[in-house]
Amino acid sequence: MKAIVKPTNRLEGTINALSSKNYTTRYLLIGALAEGTSTIYYPAHSEDSDAMRRCIRDLGAIVEEDDEKMTIQGFGKHPRDVSQLDVGNAGAVLRFLMSVAAFCPEVTFINAYPNSLGKRPHDDLIESLQAMGVEIEHNEGKLPITIRNGKLHGGKIKVSGNVSSQFLSSLLFMAPLLDEDSEIEVLHDLKSKVIVGQTLEVIAQAGIHIEASEDLMHYTIKGGQKYEPQKYVVQGDYPGSAAILAAAAVTHSDVTVLRLEENSKQGEKAVVDVLRAMGVNLTHENGVVRVLGNQQLKAGEFDGDHFTDGVLAMVAAAVFAEGTSRFYNVENLRYKECDRITDFLTELRKAGAHVEERQSEIIIHGSPQGVAGGVEINAHYDHRVIMALTIVGLRSEKGLIINDAHHVAKSYPHYFEHLLSLGAQIELVE
């Protein structure tokens, strides 16, 4: 699908934030790892959450849902013997389930997206699981990956944290179910610590006890624990909402987004403060964010590691800010569905933006007058890139044509629908 994004002067209206993809996938997993029936209210519907739902069903969970909720009868640490799992293009789902698959005799994760997830490395998690007695066949750390139980055990576990926090989260989900106690030490730096906080929050809600050091680099985990079936309510999603808020910031607007809790542990909550620092007229009260956009933004410097999945939307806003903006500590963006630094900036340049890259930085020389646009650009199969390029297209002089725009469904299937409801001029062509 192509998205033909036309210059749009004004956005106005109110939308509900979609439900959080990150929380939904985690609740689905701990529901499956519990013995008994868990209930998830307001689950997200996206390609990632659908991939987790499909895979836990394949592994033996019984999943039923209606318009409001989903119930899961879990399999505990005894998943069904299944030969293959297809996680689609969902990196977090793959990594979380690689550890769970160690409870199966033999599982192969197939490579359904060779040009996206198929290029992403998983060596750090593979090495940790191998040290725990798991036998793994892999393609230089990439899919397809076959996991055999071997002699799975706990003990002292080391995992690198400088590519992705998902490797650590994967081990945290699995380790409490082992017979032995475990200690996990994180090597090097730990990226996206806030997202690890979400993992720990969800695990604790299911009755599992994990002792974590204050810097989140060391964990003590008692073995023989069980996930308790619970009821969970999924909160609104900040990463997807970041794109809506950025679109409102770069246009003349009066846009309200509901269901964004002020006390959320989602790191992308920081985009509210980023937009404020860029001079956006914004209020955030009682779970409601309201933006009164006037197209006047100022540049700033921001540590992007605190809001990884909101960085591209904020970069898109900074394209139109007065001055030079810098987003630093963002190297892990290179290891997502695409290289979100090089690939994204390549497309921004085509649109007329003045941007530079470093290994772990994005630098934007803002153009308050707007950018030319008028070109056809590639999405690189990446939902965050699609959302951010759409923001740029709305403020461009001649609009943008975004190829493969249907991949936005990975996290935000209703993204274009929501923008259209606010008055965006976008044409979707199959």
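Coordinate-derived values only; no laboratory data. Computed from a prediction, not measured in an experiment: that's the story for all the values here. So basically every Cβ, Gly included, is an ideal-geometry build from the backbone, and we count neighbours across all protein chains shown.
Structure summary
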item: Shape call, segment 24-223: gyration tensor on alpha carbons, a/c limit 1.5; result: rounded
item: Relative exposure of Y219, Y27, judged by other C-beta atoms within 10 Å (fewest first); result: Y219, Y27
item: For Y232, distant residues with modelled amide H under 5 Å away; result: T39, I40, Y41
item: Using alpha-carbon coordinates, inclination of helix 383-395 to the longest axis of the chain, degrees; result: 10 degrees
item: Calculated from backbone phi, Karplus (6.51, -1.76, 1.60) coupling profile of segment 408-422 in Hz, x at Gly/Pro; result: 4, 5, 4, 10, 9, x, 9, 4, 5, 4, 5, 5, 4, 5, 8
item: Order of L348, L152, L245 under a 10 Å beta carbon neighbour criterion, fewest first; result: L152, L348, L245
item: Over the chain, relative contact order from alpha-carbon pairs under 8 Å, at least 6 apart, %; result: 20 percent
item: Scattering profile of segment 136-273 at q = 0.11, 0.18, 0.19, 0.21 Å⁻¹ [log10 I(q)/I(0), Debye over alpha-carbon scatterers]; result: -0.55, -1.11, -1.17, -1.29
item: Segment 1-32 versus segment 235-282: alpha-carbon centroid distance in Å; result: 12 Å
item: Label-point separation in nm, N263 to A372, each point 7 Å along Cα→Cβ; result: 5.2 nm
item: Computed lengthening from E68 to E214, 0.36 nm per intervening residue step minus Cα-Cα distance; result: 48.9 nm
item: Cα gyration tensor, the chain - rounded (a/c under 1.5), prolate or oblate; result: prolate
item: Derived scalar couplings ³J(HN,Hα) [segment 338-354; Karplus, 6.51 cos²θ - 1.76 cosθ + 1.60; whole Hz; x for Gly, Pro]; result: 9, 6, 6, 9, 4, 5, 5, 5, 4, 6, 4, 5, 4, 6, x, 7, 9
item: Cα gyration tensor category, rounded, prolate or oblate, for segment 227-379 with a/c compared to 1.5; result: oblate
item: Extended-chain gain in nm, criterion 0.36 nm per residue less alpha-carbon gap, Y41 and H252; result: 72.5 nm
item: Filter on K6/K410; K2/K398; K151/K193; K151/K265 - keep pairs with C-alpha separation over 25 Å; result: K151/K193; K151/K265
item: Integer Hz, Karplus 6.51/-1.76/1.60 couplings in order for segment 171-176, x for Gly and Pro; result: 5, 5, 5, 8, 4, x
item: Distant-in-sequence amide H partners of L187 (H built 1.01 Å from N, under 5 Å); result: V159, S160, G161
item: Trypsin sites (Lys or Arg not before Pro) within segment 140-197: DSSP coil, no more than 15 neighbouring Cβ in 10 Å; result: K151
item: Crossing angle, helix 238-250 versus the chain [Cα axis fit, 0-90 degrees, rounded to tens]; result: 10 degrees
item: For A321, distant residues with modelled amide H under 5 Å away; result: S367
item: Segment 1-110: GluC sites (Glu not before Pro) falling in loop per DSSP and having at most 16 other Cβ within 10 Å; result: E35, E68
item: Difference of contour (0.36 nm per residue) and Cα-Cα distance, N111 to T346; result: 82.0 nm
item: Descending semi-axes in Å of segment 1-97, equivalent ellipsoid built from Cα gyration tensor; result: 31, 17, 10
item: Exposure proxy ranking, count of Cβ atoms within 10 Å, fewest first, for D305, D181; result: D181, D305
